[in-house]
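Asks: What follows is a single structure, and I will ask about it in a moment.
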Amino acid sequence: MKKKTISAVAVLALGATLAFAGMHDGKDGKGGWEGHRGGSFSEMYAQKLNLTDAQKAQIADLDKSFRESNKAFFETQKQTREQFKAAKDANDTAKLDALRPAMESQRAQMKQLRDAQDAKIRTILTPEQRAQFDTLKAEREAHRSQYKQQQ
C-alpha cells in the first residue's frame, strides 16, 4: 500500500507540474495536453480565468522559461521514476528502499519549483483572477487528495 501511495504521489506531482507548465511534446508546437479534455491545461486555466491575450503570452513565456531552466531536473526525475518502476516490477525491495530518498527529495524540489512558478503566474493575474486561481488550485488539490485516499 505504501509503495502504491509513493508512486501515485510522485506521478501526480510530476504530472501536475508538467501539465501546468504546458509541456511541449516537440511535434506541433502545442502543449502535451492538446486534445485532452478540450485543450491544453494552460488553455483550460486561461479560459476559466478569462485571461487577456497579453496575460496568455506572459504565462506562455514563463512556461517556456520554466521548461528550459528545469529540463535537466525533469530528466533526472524521469530516470529516477523509471528506475523505481523497474524495481517495483522486479519486486526489488532493496532498490526501492534505496530510491525512496531520491524520490522524496525530488518530490519536495518539484513542489518548490511549482510553488515558485505559481507565484510568478500570480503576479500576472488581477486580484479577481488570483482569487479564482487559488480556488481552482484548491479544487485540484481536493481532487488529488480524494484520489490518494482511493489508492
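Asks: If the Cβ limit is 6 Å and pairs must be 6+ apart or interchain, which residue in the stretch 71-92 that is more than 15 Å from LEU113 (Cα to Cα) pairs with which residue that is of a type outside the set (A, V, I, L, M) and surrounded by fewer than 16 Cβ atoms within 10 Å (Cβ to Cβ)?
Replies: ALA87/LYS95
Asks: While we're on this one: For the list (1) surrounded by fewer than 17 Cβ atoms within 10 Å (Cβ to Cβ); (2) closer than 24 Å to ARG114 by Cα, I need the number of the one condition that LYS95 fails.
Replies: With (1) surrounded by fewer than 17 Cβ atoms within 10 Å (Cβ to Cβ); (2) closer than 24 Å to ARG114 by Cα applied to LYS95, the lone miss is (2).
Asks: In the stretch 127-151, what residues are surrounded by 14 or more Cβ atoms within 10 Å (Cβ to Cβ) and over 15 Å from the mean Cα position of the chain (by Cα)?
Replies: Matches in the stretch 127-151: GLN129, ARG130, GLN132, PHE133.
Asks: Condition check: in a helix (DSSP H, G or I) and surrounded by 11 or more Cβ atoms within 10 Å (Cβ to Cβ). Does THR123 satisfy that?
Replies: Answer is no for this residue.
Asks: So in the stretch 84-118, with the set limited to residues that are within 21 Å of the chain's Cα centre (by Cα) and of a type in the set (A, V, I, L, M), which one is farthest from ASP61 (Cα to Cα)?
Replies: Filtering first and then ranking leaves LEU99.
Asks: Looking at (1) exposed (fewer than 15 other Cβ atoms within 10 Å of the Cβ); (2) under 30 Å from LEU51 (Cβ atoms), which is the only condition PRO101 fails?
Replies: (2)
Asks: Of the conditions (1) touching a helix residue (DSSP H, G or I) at 6+ places or on another chain (Cβ under 6 Å); (2) outside any helix (DSSP H, G or I), ALA102 clears all except one; give me its number.
Replies: (2)
Asks: Looking at the stretch 77-99, can you tell me whether even one residue there is closer than 28 Å to LEU125 by Cβ, assigned to a helix (DSSP H, G or I) and touching a Phe, Trp or Tyr at 6+ places or on another chain (Cβ under 9 Å)?
Replies: No.
Quick note: the coordinates plus some simple rules give every number you see, no bench work behind them. Note that the coordinates shown come from a computational prediction; the quantities given were computed from them, not determined experimentally. All Cβ positions, even for glycine, are placed from backbone atoms using ideal geometry, and neighbour counts span all protein chains on display.
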